[in-house]
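The values are calculated or read from the model by the stated rules, or taken from the named source; none is laboratory data. Remember, predicted model here, so these are calculated numbers, not experimental data. Note that we place each Cβ from the backbone using ideal geometry, even for glycine, and neighbour counts take in every protein chain shown. Quick note on the areas: whole protein, heavy atoms, side chains included, nothing else; ligands and nucleic acids left out. Shrake-Rupley method; radii C 1.70, N 1.55, O 1.52, S 1.80 Å.
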Amino acid sequence: QTADATQSASPDELEDSEQTAAIQVMGGSRNYVRPSGGAVIKPYSMNALTYSKTMNDWRVHCGLDIAAEKGEVVKSAGEGKVAGVSEDPLYGTTVVVNQNDGYMVYYRGLNKETAVRTGENIAAGATIGTVGAIPCESADGTHLHIEVMKENRYYNPADALGIR
C-alpha cells in the first residue's frame, strides 16, 4: 500500500508484512511510525510492580518492550532531532530522539553501530539502528525497549505513540 492508503487503514486492516515494515500509527491528530513490527511482550507499568526474571526482583517498567529479532531494523516513531547516542550498562546502546511534538523517545537495546548521530535531524520512519541486547532484560529475549518522556515525566509509549 502507499503511505496515503496506510494512513486511511487501521493497523488491524494491514497485512502482516506491512505491520512488520514499520506501519504508520495514528496517535490522535499526530501520525507516528511503529518502531518495529513485533508484538508487545511487556507493557508499560509505572503504577504496579512487575517481576524481572533477569534481575530477580519486582520493579516498575517505565517502557514498553516490543519483540524483535537481533539485527531487526528500528525506525524513529516521529520526526525530530537525535539528542544523544550512548552506551548504557543496563540497557545497552540507546538512541534518544527529541521529537518535534515535545516527546523524548528512548530506543534502548540497539546494536553499537547506529544509523544516526547526535544532532542529526531525522524523519518519522528513518532507520535509527538495529536491535541488539538489553543486559537488564536479557531473560526476556531479544526485543526493543522504548521509553517516552516529556517535561521529565514518563508516558506510556502505547498511548503517547499509538503502539499496540
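Results, tabulated for the structure shown:
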item	result
Segment 126-155: GluC sites (Glu not before Pro) falling in loop per DSSP and having at most 14 other Cβ within 10 Å	GLU151
Karplus 3J(HN,Hα) series, Hz, for segment 80-88 with 6.51 cos²θ - 1.76 cosθ + 1.60 (x for Gly, Pro)	x, 10, 6, 8, x, 10, 8, 10, 10
Solvent exposure ordering (accessible area, 1.4 Å, most first) of GLU120, GLU113	GLU113, GLU120
Per residue accessible area in Å² of segment 58-108, where ligands, DNA and RNA are left out and the probe is 1.4 Å	41
Protection proxy ranking of 123-133, 78-88 - average other beta-carbon atoms within 10 Å, highest first	123-133, 78-88
THR118-SER45 pseudo-label distance in nm [points 7 Å out on the Cα-to-Cβ vector]	3.4
Residue order for LEU49, LEU161 - accessible surface, 1.4 angstrom probe, largest first	LEU49, LEU161
Shape box of segment 27-164 [Cα atoms, principal axes, largest first, Å]	39, 32, 26
Candidate residues ASP65, ASP101: accessible-area rank, largest first, probe 1.4 Å	ASP101, ASP65
Percent accessible area from carbon and sulfur atoms, segment 50-164, protein chains only, probe 1.4 Å	49
In nm, spacing of pseudo-spin labels at ASN152 and VAL60 (7 Å Cα→C-beta vector)	1.4
Accessible area (Å², 1.4 Å probe, nearest 10) - LYS70	130
